[in-house]
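> So that we are looking at the same thing, I have put the structure below in structure tokens.
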Amino acid sequence: MSSPRPLPTRSGRVTIGFTGRIGAGKTSAARYLEEAYGFQYVRYSQVLAEWQATGPDAKNELQQVGWEVMAGGAQIELNRKLVARLEPARDHAVDGLRHQIDYDTLRNTFTSSFFLIYIDCPPDLRWQRLNLTSRYRTRQDFEAADAHAVEQHIDELRPKASAIIQNPGTIGDLYAELNSTLERIRSGEQP
């Protein structure tokens, strides 16, 4: 992990939400903020898995449960449970926004201290990266997961992002982009 540069002080805490397609680098980005800067890491799928009593590694099952929650009008309750986990005295890295309600909840809760970051990466590279982790057995499994109904509102969040980070390079490149984005946020500049 690259060593982060010291950040200017900012009054108040920040909440950074990450969105993007499967395998784009959302979790790597949010975990980096946790490890390098002490952000509290919270993941939508983790809250969903615990709430709906699914196994945390059952991605296909979790996508279906997520869709049932979203389609059944319970997305607000999922967001309420997620926000209840966020410690007020810490910065937050929230992994996996997928829906307008997720964005609205965090924007309304944290107002001007909320920043959405969209991580973008080409599909072929996303598949290659995930294939290395054995998360999906075949390209067809990856494409089916990426096309699942619960994933279909992600691109609607892109125009709402405070920053869009292109992630075609190394993990070090991603960390460098995050450092730069955080510096702009902390200094009060538009990321």
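The values are calculated or read from the model by the stated rules, or taken from the named source; none is laboratory data. Keep in mind that this is a model prediction, so the values were computed, not measured. Positions of Cβ are generated from backbone atoms using ideal geometry, with glycine treated the same way; all protein chains shown enter the neighbour counts.
> Considering each residue of segment 148-164, count those that are more than 14 Å from the chain's Cα centre (by Cα) and of a type in the set (A, V, I, L, M, F, W, C), and give that number.
Final tally of qualifying residues: 2.
> Here's a follow-up. Take Gln46 and tell me if it is of a type in the set (S, T, N, Q), under 30 Å from Glu183 (Cβ atoms), surrounded by fewer than 21 Cβ atoms within 10 Å (Cβ to Cβ) and modelled with pLDDT of 90 or more.
Answer is no for this residue.
> Identify all residues within segment 71-98 that are assigned to a loop (DSSP other than H, G, I, E, B) and either within 12 Å of Gly17 (Cα to Cα) or in contact with a helix residue (DSSP H, G or I) (Cβ under 6 Å, 6 or more places away or on another chain) (or both); write none if there are none.
Those that are assigned to a loop (DSSP other than H, G, I, E, B) and either within 12 Å of Gly17 (Cα to Cα) or in contact with a helix residue (DSSP H, G or I) (Cβ under 6 Å, 6 or more places away or on another chain) (or both): Asp91, Gly96, Leu97, Arg98.
> Filter segment 49-60 for residues that are modelled with pLDDT of 70 or more and either outside any helix (DSSP H, G or I) or surrounded by fewer than 19 Cβ atoms within 10 Å (Cβ to Cβ) (or both) and give the result.
Selection gives Glu50, Trp51.
> Among the candidates Phe110, Phe115, single out the residue that is surrounded by 13 or more Cβ atoms within 10 Å (Cβ to Cβ) and either of a type in the set (Val, Ile, Thr) or part of a helix (DSSP H, G or I) (or both).
Numbers: Phe115 fails: either of a type in the set (Val, Ile, Thr) or part of a helix (DSSP H, G or I) (or both).
The conditions single out Phe110.
Here's the yes/no breakdown for (1) at pLDDT below 95; (2) under 17 Å from the mean Cα position of the chain (by Cα); (3) closer than 18 Å to Tyr32 by Cβ:
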position	(1), (2), (3)
Tyr103	no, yes, no
Asn108	yes, no, no
Leu116	no, yes, yes
Leu132	yes, no, no
Tyr136	yes, no, no
Asp141	yes, no, no
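> What number of residues within segment 136-162 are farther than 19 Å from Asp104 by Cα, loosely packed, with under 15 Cβ neighbours inside 10 Å and charged (D, E, K, R)?
The total comes to 3.
> Just name the residue that is nearest to Ser28 (Cα to Cα) out of those in segment 165-176 that are of a type outside the set (Phe, Trp, Tyr) and within 15 Å of the chain's Cα centre (by Cα).
Let us first name the residues in segment 165-176 that are of a type outside the set (Phe, Trp, Tyr), namely 165-174, 176.
Then drop every residue that is not within 15 Å of the chain's Cα centre (by Cα), which leaves 165-167, 174.
Details: Ile165: 13, Gln166: 13, Asn167: 11, Leu174: 9 Å.
Step by step, filter segment 165-176, then rank; the result is Leu174.
> On to the next question. Given (1) in contact (Cβ under 8 Å) with a residue 40 or more places away in the chain; (2) acidic (Asp, Glu); (3) closer than 27 Å to Ile101 by Cβ, identify the lone condition not met by Glu183.
Against the list (1) in contact (Cβ under 8 Å) with a residue 40 or more places away in the chain; (2) acidic (Asp, Glu); (3) closer than 27 Å to Ile101 by Cβ, Glu183 comes up short only on (3).
> Just to be sure, is Ile165 closer than 19 Å to Ala36 by Cα, in contact (Cβ under 8 Å) with a residue 24 or more places away in the chain and surrounded by 15 or more Cβ atoms within 10 Å (Cβ to Cβ)?
Details: closer than 19 Å to Ala36 by Cα: yes; in contact (Cβ under 8 Å) with a residue 24 or more places away in the chain: yes; surrounded by 15 or more Cβ atoms within 10 Å (Cβ to Cβ): yes.
Yes: the conditions hold for Ile165.
> List the residue pairs whose Cβ atoms are under 8 Å apart, where the first residue sits in segment 1-24 and is within 21 Å of Leu116 (Cβ to Cβ) and at pLDDT below 70, the second is surrounded by fewer than 10 Cβ atoms within 10 Å (Cβ to Cβ) and not aliphatic (A, V, I, L, M), and the two are 6 or more positions apart or on different chains.
Between residues of segment 1-24 that are within 21 Å of Leu116 (Cβ to Cβ) and at pLDDT below 70 and residues that are surrounded by fewer than 10 Cβ atoms within 10 Å (Cβ to Cβ) and not aliphatic (A, V, I, L, M), the close pairs are Arg10/Gly188.
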